[in-house]
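This report concerns only the one structure given below.
The values are calculated or read from the model by the stated rules, or taken from the named source; none is laboratory data. Remember, predicted model here, so these are calculated numbers, not experimental data. A quick note on method: Cβ atoms are made from the backbone with ideal geometry, for glycine too, and the neighbour counts reach across all protein chains shown.
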Amino acid sequence: MDRIKEKLKALLKDGEIKGVLGFVPSSTPLKNRVIYTESPEDIDKFVVSPFNTLNPLSYLLRLKEKGKVACFLRPCEQRGLNVLVSEGILKRENVFVIDVPCSGAVDPFRLKKAYDGDIKEAKVRDDRIVIKGTIGEKTYPLSEFIPYSCRVCEVSSFGDIDLSIEGEKSTMEHENYRKIEEFDKKNTL
């Protein structure tokens, strides 16, 4: 991620992009917030996390008159960008796409229900979510709080990207294919 941040700072300073749209930690646990910045100093605040649950495309739509904007996009959001471009709503040349590796976004509502107290802090450590709050510290498997649509997603990147964050691609077990394989084992001719 440091390599990406340095590249974005250079692109801003050189005037190749007008600004950057990305996620920063929020005062609200479980949900990072989206910010737009034209300041290279703010780029160091950006994070890639399962708590990036908002869709940055809705913010990008509001910035379409700014010029070329860099945007951190997961594969599902890249697919949405392609639709917006094909419908003439956004111009591809005005979006600098940063491909974000994705293993899914946390469902904050399910996690709040599971914790059953006021959440003060949430962190991801390896494949676990650590929650601290009014009923103490609890740890949960990350995979239990990833929505079904994320668990079965097999898209590692979608379309035309300008820069890619190196990292793990989806490690979720693709349940739909496991079920098909089980069914195939039962059907022998």
(Q) Which numbered condition in (1) more than 17 Å from residue 25 (Cα to Cα); (2) of a type outside the set (A, V, I, L, M); (3) in contact with a helix residue (DSSP H, G or I) (Cβ under 6 Å, 6 or more places away or on another chain) is the only one that residue 71 fails? (A) (1)
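Residues checked against (1) within 18 Å of residue 101 (Cβ to Cβ); (2) modelled with pLDDT of 90 or more; (3) in contact with an Asp or Glu (Cβ under 9 Å, 6 or more places away or on another chain); (4) not hydroxyl-bearing (Ser, Thr, Tyr):
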{"position": "120", "(1), (2), (3), (4)": "no, yes, no, yes"}
{"position": "141", "(1), (2), (3), (4)": "no, yes, yes, yes"}
{"position": "151", "(1), (2), (3), (4)": "yes, no, yes, yes"}
{"position": "159", "(1), (2), (3), (4)": "yes, no, no, yes"}
{"position": "170", "(1), (2), (3), (4)": "yes, no, yes, no"}
Q | Spans of helices (runs of 4 or more DSSP H) in region 2-86 with at least 2 residues more than 30 Å from residue 110 (Cβ to Cβ) and in contact with an Asp or Glu (Cβ under 8 Å, 6 or more places away or on another chain) | A | 2-13
Q: Read through the list (1) at pLDDT 90 or above; (2) crowded, with 17+ Cβ neighbours inside 10 Å; (3) among the charged types (D, E, K, R), then give the number of the only condition that residue 74 fails.
A: (1)
Q) So is residue 98 assigned to a strand (DSSP E or B) and either in the same structural domain as residue 160 (by TED's automatic domain parsing) or in contact with a Leu (Cβ under 7 Å, 6 or more places away or on another chain) (or both) or not? A) yes
Q.
So residue 27 passes all but one of these: (1) exposed (fewer than 13 other Cβ atoms within 10 Å of the Cβ); (2) over 27 Å from residue 133 (Cα atoms). Which condition number does it fail?
A. (2)
Q: Tally the residues that are surrounded by 17 or more Cβ atoms within 10 Å (Cβ to Cβ) and either modelled with pLDDT under 90 or under 23 Å from residue 150 (Cα atoms) (or both), restricting the search to region 32-48.
A: 4
Q: Could you tell me whether residue 111 is surrounded by 15 or more Cβ atoms within 10 Å (Cβ to Cβ), in the same structural domain as residue 136 (by TED's automatic domain parsing) and under 29 Å from residue 143 (Cα atoms)?
A: yes
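Condition check ((1) in contact with a Lys or Arg (Cβ under 7 Å, 6 or more places away or on another chain); (2) buried (at least 18 other Cβ atoms within 10 Å of the Cβ)) across all residues:
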site: 78; (1), (2): no, yes
site: 90; (1), (2): yes, yes
site: 130; (1), (2): yes, no
site: 143; (1), (2): no, no
site: 146; (1), (2): no, yes
Q | Pick from region 50-68, criterion free of Cβ contacts under 8 Å to residues at least 40 places away in the same chain and within 21 Å of residue 25 (Cα to Cα), ranking: surrounded by the fewest Cβ atoms within 10 Å (Cβ to Cβ) | A | 58
Q) What number of residues in region 77-114 are of a type in the set (S, T, N, Q) and under 20 Å from the mean Cα position of the chain (by Cα)? A) 3
Q) Of the residues that sit in region 3-43 and are of a type in the set (D, E, K, R) and within 17 Å of the chain's Cα centre (by Cα), which one is farthest from residue 97 (Cα to Cα)? A) 31
